[in-house]
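Since the structure comes first, as structure tokens, the remarks are kept for the end.
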Amino acid sequence: MKNFFKATALLCLLSFSACKEDDALNAHDQKVKTLTANTWGNATVTHADGNLSSQYEDFAIVFNKNASAGFDGTYLIANGGYAFSEASGKWKFSDDLTQIILDSGKEMDAELSSTRLQLDFTVSSASGRAAGLSGHFVFDLSPL
């Protein structure tokens, strides 16, 4: 009978430790699932030049899950304007899950929930500063 209780206790201990490992692995998978569940749009865009939302009324970005070559998937952008020179490519989360990194090299701080995606990033100017073409952008998006 003592061996039965010891075996049961050992199995319970192993089950709990396995759950903790699964939770650590699932944090990334949960973020991917949340991000790829919707097309994101309805952009409210702030910039050093002020509110640029009217320039991004038709903006939309969709992230697809398709892991390959170190990336979590692919993305497609419609009406990215000056903030997004890239229209498509590959994306991944940073190791700490606080950034979305595009294969173009753009790194965006990302806050994500099922009802909101905020992307915070800077676009460098190629040759001198032009209003609205470069600088610090914050995109607040919701599911379309």
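Rule-based calculations on the coordinates, nothing more; no lab input. Computed from a predicted model, the values in this text were never measured in an experiment. Reconstructed Cβ throughout: ideal geometry from the backbone, glycine too, with neighbour counts over all protein chains shown.
For the reader, a short list of remarks on this structure follows.
- Once the Cα-Cα distance is subtracted from the 0.36 nm per residue extended length, the Asn79 to Ala27 segment shows a gain of 15.6 nm.
- Extension gain, Asp120 back to Ser104 (0.36 nm per residue minus Cα-Cα distance, nm): 4.2 nm
- GluC sites (Glu not before Pro) restricted to DSSP loop in the range 35-117 with at most 11 other C-beta within 10 Å: Glu57
- Normalised alpha carbon radius of gyration of the range 30-143 [divisor 2.2 N^0.38 Å]: 1.01
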